[in-house]
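Report on one structure; see the data block that follows.
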Amino acid sequence: MAFKSKIKTIEWVENVSRMIDQTILPKEFKTVDIATTEGMYKAIKDMIVRGAPAIGIAGAHGLALSAIELSKSVKNKEEFLNKLSEKAEYLKSSRPTAVNLMWAVDKQMKLTQETQGSIEEITQALIQNGIKLENEDIEINKKMGDYGAEVVPKGATILTHCNAGALATVGYGTALGVIRSAFAKDPTIKVFADETRPRQQGARLTTWELTQDGIPTTLITDGMCSYFMSKGMIDMVVVGADRIAANGDTANKIGTYTVAIAAKYHKVPFYIAAPLSTIDISIKSGEEIPIEERNHEEVTHINGDWICAQEVNIINPGFDVTPNELITGIITEKGILKPNFTDSIKEVFKGR
Ligand code: MRU
């Protein structure tokens, strides 16, 4: 069964990037059109678009928008290329952890350098490449879904954290793509979704997506996972990733590490589902992954109301790093990578 909304989370439509506004779901379903570099920077930073692969496509679209903007104001090609490269750095600075953003913007910049021709021709090449990356994202997710479904036990209850679904990608999802593919083969599987404080992507987005597909989903708060594991009620964990180091250490939404420790203790298999574009082979281990510190209001407020003493100290990292020894396998579009991850990652990147 397909994700009912059918529309893409992010899509290039007539010189704008159209995206689902994820800040207001599930109360309201609305799309917004982003038409400028500045607009795209804000859309990524404010999480109108979020989730590593979706942010990547946003970056690719963002640079196409930059090219359209610049083509109207620059004097010559040299100025166009210099300013485009500044815009690329600006877009990449909108969020630091998900490497898909850097991957996609760098891919667009490489294309710019390779494209011989006029400003107009380069701009068209960037637009077309953004659309190509969009379509490839869905294909990649479906491949991950096929591989991942193979390791889902019959009738399993699967725990997931945050939202690694259609909304975090162009469509179908990474971790939720695995769940969708498994459910298509075995409609007896069920999902437990962590709420995912502080921004509640699990409660707001994952439950919204999965229930539309008729996949039985139970919402739990973040602290409950070890309790349900101890009761034997969770058979497997599958989550997404924002950046995977060359040794398999994986950054994902804050709280993922806690789930992974609980899973190891209770001998529950813990899988990451992520495209190869999320693997950053330039860094040796998770220690090198930059962790985004987000606005403190995400912790101090719920729906605009204070929930704590106003004098309290706050710290709000958006992500944590799960060490590779807690990970059973990394589900990619090229198959499931197994420990030792340093070797399996090296192998899958051979010749790339
Ligand atoms: O802060 P977010 O909502 O962008 O964080 C999203 C996650 O951590 C996802 O699990 C990750 O990006 C993988 S999405 C396929």
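The values are calculated or read from the model by the stated rules, or taken from the named source; none is laboratory data. Since we're looking at a predicted model, the values are computed, not measured. Note that we place each Cβ from the backbone using ideal geometry, even for glycine, and neighbour counts take in every protein chain shown. These accessible areas exclude ligands, DNA and RNA; they are computed on the full protein's heavy atoms, side chains included. Shrake-Rupley method; radii C 1.70, N 1.55, O 1.52, S 1.80 Å.
Taking GLU209 and the conditions (1) in a helix (DSSP H, G or I); (2) away from the ligand (no atom under 14 Å from the Cβ); (3) in contact (Cβ under 8 Å) with a residue 24 or more places away in the chain, which numbered condition does it fall short on, given that it satisfies the others?
If we test GLU209 against (1) in a helix (DSSP H, G or I); (2) away from the ligand (no atom under 14 Å from the Cβ); (3) in contact (Cβ under 8 Å) with a residue 24 or more places away in the chain, just (2) comes out false.
In this structure, does VAL152 turn out to be of a type outside the set (Ser, Thr, Tyr), buried (at least 20 other Cβ atoms within 10 Å of the Cβ), in a loop (DSSP other than H, G, I, E, B) and within 12 Å of the ligand (Cβ to nearest atom)?
Answer is no for this residue.
What number of residues within the range 80-114 satisfy the criterion of being closer than 25 Å to LEU276 by Cα and open to solvent by less than 30 Å² (accessible area, probe 1.4 Å)?
14
Can you tell me how many residues within the range 27-59 are farther than 12 Å from VAL16 by Cα and assigned to a helix (DSSP H, G or I)?
Result for the range 27-59: 13.
For the range 246-258: of the residues being under 18 Å from LYS334 (Cβ atoms) and open to solvent by less than 10 Å² (accessible area, probe 1.4 Å), which is nearest to the ligand (Cβ to nearest atom)?
The residue in question is THR250.
If you go through the range 259-276 one residue at a time, how many are touching a residue at least 60 places away in the same chain (Cβ under 8 Å), open to solvent by 20 Å² or more (accessible area, probe 1.4 Å) and outside any loop (DSSP other than H, G, I, E, B)?
Of the residues in the range 259-276, 2 are touching a residue at least 60 places away in the same chain (Cβ under 8 Å), open to solvent by 20 Å² or more (accessible area, probe 1.4 Å) and outside any loop (DSSP other than H, G, I, E, B).
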